[in-house]
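Structure record follows, encoded as structure tokens.
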Amino acid sequence: MIVAAALGVGAGGPDRDYPVKPVPFTAVHFTDSFWLPRIEVNRTVTIPFAFGKCEETKRIYNFERAAAALRGEKLADKTPPGFPFDDTDVYKVIEGAAYTLSVKPDPKLEAYLDALIAKVAAAQEPDGYLYTTRTIDPENPHKWAGKKRWELEEDGSHELYNLGHLYEAAVAHYQATGKRTLLDVALRTADLLDRTFGPGKQSIWPGHQITEMGLVKLYRVTGDARYLGLARFLLDARGADGSPHARAYNQSHEPVTAQDEAVGHAVRATYMYSGMADVAALTGEEAYVKALDRIWTNVVGQKLYVTGGIGATGNGEAFGLNYELPNMSAYNETCAAIGNDYWNHRMFLLHADARYLDVMERTLYNGLLSGVSLDGKSFFYPNPLESAGQHERSPWFGCACCPGNITRFLASVPGYVYGHQADHLYVNLFVASTAKVPMDDGRTVTLTQDTRYPWDGAVRITVAPDTPGRFALHVRVPGWARNEPVASDLYRFADASEEPVTLRVNGAAVPLDLEKGFARVERPWKKGDVVELGLPMPVRRVVAHPSVEADHGRVALQRGPLVYAAEWPDNPDGRVRDLLLPDDSPLTSGFRPELLSGVQVVKGKAIALARDEQGQVRRREQELVAIPYYAWANRGPGEMTVWIADRETSARPQPFPTLASRAKVTSSAEGRQDRAVHDQDEPRSSKDPSSGFFHWWPKKGTTEWIQYDFEKAAAVSVVEVYWVDDTGSGEVRAPASWRVLYQDGAEWKPVTPRTPYAVDLDRFNRVSFEPVTTAALRLEATLQPQWSAGIQEWKVE
Ligand SMILES: [Zn+2]
């Protein structure tokens, strides 16, 4: 049954809400050359591309099959979807597409959505249940789904997660088109949830959060308090209902109000924190706010990358320990960056404090934007801060959460620029644009920003209230312009900038009246008043807290909101990991319109370090060129680093080439990680993930190989192998046995060993054998029956 409540919560909105109200993206029109072209690529390239991928990968076919099953048709193909959450990719792209329709009508796209929504609606069971894998084949759904509805929700079924994304899409589509088609589908599912779960009914919490945020959106659009109540119930059940599935991975290890550290899966976490902020704003639940404040302090003080990325480890796509922020193995899922921005924006709306916007901006311009290529057609899932060439964007993923999330986030970026509260107007971000801000007293204030931000820190804001009057304009003065990269001691600038931030009103300098990170200008405003903010943008060196081991003796470069990366195409010999940047080396910057769609590059004199044949370190001065981090990996794979050594003890001199490092590597695993075995990065232990390792996972119990083809035949008599053991995070262990073969014509023959083939951990296993002259050497490993195996480094003499 469709909820009868009138749509719309009334002109004044709910009784209680965020103190600061965001100005919706439909009221803010970008005219700039940074975001506008990206939003347009998202609309014209990424969204059609992602719909195409949803069709090609049968995500839409899943809805069609579910509908056919409901009609009683016998399905020839009952194969479960690849993942039980494949439905969400469709919902996310619908949401992104709906946002674009809100600002740019497109009858063809709207018709495509109508047809797609009809397919979604047809897959809904009569009582409202919507979950294609179970409907396609209730007897044999995806193995994570469980035999009965909801029974594995707190584990891996993702039934509620799917619905959360449906709610976000449905509200976006309703608001964009006025059509209730998808909203009615969503409300039928929400009513099923309300009949099934809640006080006095069954208890449940989502194994993957977002349902809470989605239900709040349904509440906002319908005014039906049951949806808000259910969102709160889903939060309060977590960690409190004695569920056997409770664990830190999905933030159910303790009640949400008792949590004070960011743990577990980072996307789940940030969606939960966002849902808590929403519910707190609408109910006044202070215990939620207190928990969020504690968790935020933990993230920003211990778990945030300089790029704004979060979720340090691929092991559970999760937050690491405090200060555990490795660079090459940094996970930093694109979705986690998006979740971090959802959350920090809500923290700003709760507290009216710019420090949350500092985090939001850092993530937005760096670790979030890096998730999509400049052409809008390939994506990063993890966003590492260092690469030896093993990382590349991909057009799609088996688990395709990130591309769909990019489509919906980029389409809504204009909604993060402004906020208002009573007679206070907040300027959060700097983007050339025009906006109409509806103030609470009924006035409309038109704000026009002229700026080349993020390339230039001069921002001219023309203020035009429809009727003159007094209000306070709060213009954010970013932390980076106040010598504070983030509101914690996790990062600091190596030196204080002496160039002052300037503020002028109608040409006259006014003192900076800083309040919670905003310059407050309260006065009577009239049409045509001009505020000019001057944010100096020298290139700054950032250093990390000494507890961040990965950044010891290293600096990152930042200019304005942008964090920089040295990447292979811009630097001699394609190398950047061997560089040393002396602290006194001056850094300059300049705009290069032809490079990477136009970027400001940073330059300076660095020293390239390399070992000679005797192992001595040779120094060669050369020019360092760095590009904005978001723009890396658009020119093919190769070296990249954000943190550059500024101490010789932290530098990584280019090793002298060896027979192994010059060899071509192939393997029975055919992975891009092949190259890790001869990258000459000495592992610190078998567990060390810092420079990547080669592995045969998921193969177990089989006999596998990896091979070096030498440039020309060479005499060899020793190999050294450093085995991987990732106990605690994966299934890679030392192999049961191994041996070395050499190529003799068309044949592979075993070498005659003089020492045993050892499988010791945490050291090189050296084997000498009767010398052979050969063009290729093969290492053959027989894996333990229940484990896979891998190699950190393989040397040959
Ligand atoms: Zn993702």
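Values in this text are rule-based calculations from the coordinates and carry no lab data. Given the structure is predicted, the values throughout are model-derived calculations rather than measurements. Positions of Cβ are backbone-derived with ideal geometry, glycine not excepted, and every protein chain shown enters the neighbour counts.
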Do the alpha carbons of any pairs in K92/K179; K664/K699; K303/K603; K92/K290 sit beyond 25 Å of each other, and which pairs? K303/K603; K92/K290
Rg and Dmax of the stretch 40-192, using alpha carbons, in Å: what are they? 15.0, 44
Tensor-based shape of the chain (alpha-carbon gyration tensor, a/c under 1.5 rounded, otherwise prolate or oblate): oblate
How far is it, in nm, from the label point at Q786 to the one at T773 when both lie 7 Å from their Cα along the line to the Cβ? 4.9 nm
Taking θ as phi - 60°, what are the ³J(HN,Hα) couplings along the stretch 564-570 by the Karplus curve (6.51, -1.76, 1.60), each to the nearest whole Hz, with x for Gly and Pro? 9, 9, 8, 10, 4, x, 9
Using 1/(1 + (r/R0)^6) with R0 = 41 angstrom and r between the beta carbons of D260 and V718, what's the FRET efficiency to the nearest 0.05? 0.20
Using a basic spin-label model with each label point 7 Å from the Cα along Cα→Cβ, how many nm lie between R618 and D127? 7.6 nm
So for the stretch 630-674, using the alpha carbon gyration tensor with a ≥ b ≥ c as root eigenvalues (a/c under 1.5 gives rounded; past that, a/b versus b/c decides prolate or oblate), I'd call it oblate
For a paramagnetic label modelled at 7 Å from the Cα of E522 toward its Cβ, which residues of the stretch 461-503 fall within the zone defined by backbone nitrogen distances under 16 Å? 469-475
Using the Cα atoms of the stretch 655-784, I'd like the radius of gyration and the largest Cα-Cα distance, Dmax, both in angstrom. 14.2, 43
Within the chain, the percent of DSSP beta bridges that are antiparallel, given to the nearest 5, stands at 95 percent
Residues whose built amide H sits under 5 Å from the amide H of E484, excluding neighbours closer than 5 in sequence, are none
Would you please classify the overall shape of the stretch 324-478 from the alpha carbon gyration tensor, given that a ≥ b ≥ c denote the square roots of the eigenvalues, rounded means a/c under 1.5, and beyond that prolate means a/b larger than b/c while oblate covers the rest? prolate
Any chance you could check the Cα centroid distance between the stretch 630-648 and the stretch 21-40 for me, in angstrom? 30 Å
Can you pull the three principal axis extents for the Cα set of the stretch 286-368, in Å, largest first? 36, 26, 18
Sorting check: for 151-162, 449-460, which peptide has the highest mean count of neighbouring beta carbons within 10 Å, and how do the rest follow? 151-162, 449-460
For the chain, take the longest principal axis of its alpha carbons; what is the angle in degrees between that and the long axis of helix 286-298, to the nearest 10 within 0 to 90? 30 degrees
If each DSSP helix of 4+ residues adds -39,500 (n - 2.57) and the sum is divided by the residues in the chain, what number results at 222 nm, nearest 500 deg cm²/dmol? -8000 deg cm²/dmol
Using every Cα-Cα pair within the stretch 239-347, state what percent have a distance larger than 17 Å. 50 percent
Whole Å is fine, so just give me how far the alpha carbon centre of the stretch 201-228 lies from that of the stretch 304-355. 24 Å
How far apart, in nm, are two points set 7 Å out from the Cα along the Cα-to-Cβ line at R443 and at S497? 3.2 nm
Helix 181-196 vs. the chain, principal-axis angle (Cα, 0 to 90°, nearest 10): 80 degrees
So for R0 = 35 Å, FRET eff. of W705-W144 from the Cβ-Cβ r, to 0.05, ends up at 0.55
Just to verify a number: FRET efficiency for D17 and E73, C-beta to C-beta distance, R0 = 56 Å, to 0.05? 0.75
